[in-house]
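S.K.: Please read through the structure below; I'll follow up with questions.
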Amino acid sequence: MSEARERRDYTDGPLCLSGRNVTKVFGLGEKKTVAVDHVDFDFHEGEFVSIVGESGSGKTTLSKMLLGLLNSSEGEIFFEGKPRDISTGRRKREYWKGIQAIFQDPFSSFNVFHKIDSVLLDCINMRGGRSLSREKKIELMTEACSFVNLKFAELTNKYPFELSGGQMQRLMIARIFLLKPRILLADEPTSMVDACSRATILDMLLDLRDETGMTIIFITHDIGLAYYISDTVYIMEHGRFVESGRADTVILNPKAAYTKRLISDVPKIHEEWDLSTVDLKAE
Ligand SMILES: Nc1ncnc2c1ncn2[C@@H]1O[C@H](COP(=O)(O)OP(=O)(O)OP(=O)(O)O)[C@@H](O)[C@H]1O
Ligand SMILES: [Mg+2]
């Protein structure tokens with residue numbers, strides 16, 4: 001099997017986001033669901049991390065806690081080595097300068113009544129560029145669009161519904177390119193686009209990481225995708241991490257029965273992602 005690409009080891013690098021005992025329980029009594037069950041994680045600066053698990057394993061619940069959209073029931077999250085404090089609206093907004101997200105459905109993140117150029121302009125303003133000249137703002141928006149292979153001139157005056165799903169997802173990446181957060185959380189960002197757009201979007205995320213050094217947390221149910229794209233993987237089953245480590249180590253030499261099962265379910269979608277030769281026999 002061909003190696004998808006070179007991977008760096010980030011374990012000795014500076015920490016970006018970590019968690020200890022992070023837990024989320026929904027409901028009470030018989031209706032109780034432990035969606036995230038005492039997980040520990042260390043995400044490093046510039047690391048491309050995938051969290052992989054089946055539907056209902058707790059990926060989105062964990063993402064929401066990482067984003068500060070949902071309080072944890074137990075445990076603690078650390079941002080750049082310090083306990084994260086998002087106790088007030090102001091602190092939360094400060095935290096959100098450091099972490100941004102893109103979701104499965106890009107249309108859900110956009111105000112349908114806002115034209116696309118105003119969406120990009122907002123990003124420049126949010127990054128302190130309000131007083132820049134009109135020419136400079138257009139230059140920045142043009143650069144962000146060309147990073148994702150879109151033509152800014154063709155987007156001005158358009159509304160989100162006038163773009164395809166793949167174009168919208170690329171626009172989301174252009175937004176992130178302008179906002180330059182320390183961390184990007186991408187929850188199944190390619191599950192609604194065709195295979196061709198998917199490969200393009202994945203490569204753009206890798207370029208984004210290489211160009212800006214941001215940490216990317218990529219959420220997926222597809223272990224083949226995770227193998228292709230990430231440095232590090234965390235395999236999630238029923239709210240727990242059953243296995244984690246370098247993507248090539250974990251996926252080419254899986255230990256947990258659950259990881260083996262995820263690998264055996266991977267369709268042969270791409271030569272480089274072909275995991276059919278991985279030894280899945282019980283140890
Ligand atoms: N607001 C909520 N109230 C009650 N239970 C919830 C809530 N949100 C999620 N859950 C439950 O928590 C568990 C984990 O859900 P979650 O959405 O995090 O899974 P997921 O891994 O993102 O799944 P998918 O791949 O389908 O997106 C599920 O059993 C779900 O039903
Ligand atoms: Mg989900």
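Computed from the coordinates by the stated procedures, all read-outs in this text should not be read as laboratory data. The structure displayed is predicted, hence computed values, not measured ones. Glycine also receives a Cβ, built like all others from the backbone with ideal geometry; neighbour counts cover every protein chain displayed.
S.K.: Please work out if K115 is more than 17 Å from the chain's Cα centre (by Cα) and away from ligand 1 (no atom under 16 Å from the Cβ). Give the steps one after another, and end with the answer.
M.R.: Working: more than 17 Å from the chain's Cα centre (by Cα): yes; away from ligand 1 (no atom under 16 Å from the Cβ): yes.
Yes; evaluated as a whole, the condition is true for this residue.
S.K.: Within region 56-84, how many residues are of a type in the set (D, E, K, R) and within 16 Å of ligand 2 (Cβ to nearest atom)?
M.R.: Quick first cut of region 56-84, residues of a type in the set (D, E, K, R) only: 59, 64, 74, 76, 80, 82, 84.
Cutting the leftovers down to within 16 Å of ligand 2 (Cβ to nearest atom) gives us 59, 64.
Residues meeting the conditions: 2.
S.K.: For region 40-55, how many residues are within 18 Å of I251 (Cα to Cα) and within 13 Å of ligand 2 (Cβ to nearest atom)?
M.R.: Looking only at that region, the number is 4.
S.K.: Would you pick out the residues in region 50-64 that are touching a residue at least 24 places away in the same chain (Cβ under 8 Å) and either more than 6 Å from ligand 1 (Cβ to nearest atom) or not in a loop (DSSP other than H, G, I, E, B) (or both)?
M.R.: Answer for region 50-64, where residues must be touching a residue at least 24 places away in the same chain (Cβ under 8 Å) and either more than 6 Å from ligand 1 (Cβ to nearest atom) or not in a loop (DSSP other than H, G, I, E, B) (or both): S50, I51, V52, E54, K59, T60, T61, L62, S63.
S.K.: Cβ-Cβ under 7 Å, sequence separation 6+ or interchain: first residue in region 66-95 and part of a helix (DSSP H, G or I), partner among the basic types (K, R). Which pairs?
M.R.: Y95/R84
S.K.: Being in contact (Cβ under 8 Å) with a residue 60 or more places away in the chain and under 17 Å from S118 (Cβ atoms) is the filter here; which residues of region 129-174 pass it?
M.R.: M168, L171, M172
S.K.: Kindly indicate whether any position in region 167-177 is assigned to a helix (DSSP H, G or I), surrounded by 18 or more Cβ atoms within 10 Å (Cβ to Cβ) and in contact with a strand residue (DSSP E or B) (Cβ under 6 Å, 6 or more places away or on another chain). Let's see the steps before the verdict.
M.R.: Going through region 167-177, the residues assigned to a helix (DSSP H, G or I) turn out to be 167-177.
Next cut, surrounded by 18 or more Cβ atoms within 10 Å (Cβ to Cβ) only: 167-177.
Those still in the list that are in contact with a strand residue (DSSP E or B) (Cβ under 6 Å, 6 or more places away or on another chain) too: 172, 176.
Yes, the conditions are met somewhere in region 167-177.
S.K.: For V112, work out the one condition from (1) in contact (Cβ under 8 Å) with a residue 40 or more places away in the chain; (2) among the aliphatic types (A, V, I, L, M); (3) in contact with a Leu (Cβ under 8 Å, 6 or more places away or on another chain) it doesn't fulfil.
M.R.: V112 satisfies every listed condition except (3).
S.K.: Looking at F177, F161, can you tell me which residue is aromatic (F, W, Y) and under 22 Å from the mean Cα position of the chain (by Cα)? Give the steps one after another, and end with the answer.
M.R.: Values: F161 fails: under 22 Å from the mean Cα position of the chain (by Cα).
Among F177, F161, only F177 is aromatic (F, W, Y) and under 22 Å from the mean Cα position of the chain (by Cα).
S.K.: Quick check on region 10-30. Is at least one of its residues hydrophobic (A, V, I, L, M, F, W, C) and within 15 Å of ligand 2 (Cβ to nearest atom)? Outline the logic, then answer.
M.R.: First, pick out the residues of region 10-30 that are hydrophobic (A, V, I, L, M, F, W, C): 15-17, 22, 25-26, 28.
Pick out the ones that are also within 15 Å of ligand 2 (Cβ to nearest atom) and you get 26.
Yes, there is a match, as at least one residue in region 10-30 is hydrophobic (A, V, I, L, M, F, W, C) and within 15 Å of ligand 2 (Cβ to nearest atom).
S.K.: When residues of region 182-202 are filtered for being away from ligand 1 (no atom under 16 Å from the Cβ), assigned to a loop (DSSP other than H, G, I, E, B) and surrounded by fewer than 18 Cβ atoms within 10 Å (Cβ to Cβ), how many remain? Let's see the steps before the verdict.
M.R.: Filtering region 182-202 for residues away from ligand 1 (no atom under 16 Å from the Cβ) gives 182-184, 193-202.
Next, from what is left, pick out any that are assigned to a loop (DSSP other than H, G, I, E, B): 182, 193-194.
Okay, now just the ones that are also surrounded by fewer than 18 Cβ atoms within 10 Å (Cβ to Cβ), so 194.
Summing the residues that are away from ligand 1 (no atom under 16 Å from the Cβ), assigned to a loop (DSSP other than H, G, I, E, B) and surrounded by fewer than 18 Cβ atoms within 10 Å (Cβ to Cβ) in region 182-202 gives 1.
S.K.: Now, a different point. Which residues, taken from region 96-141, are among the small types (G, A, S) and either under 24 Å from F161 (Cβ atoms) or not in a loop (DSSP other than H, G, I, E, B) (or both)?
M.R.: So the first thing to find is which residues in region 96-141 are among the small types (G, A, S), and the list is 98, 101, 108-109, 118, 128-129, 131, 133.
Selection gives G98, A101, S108, S109, S118, G128, G129.
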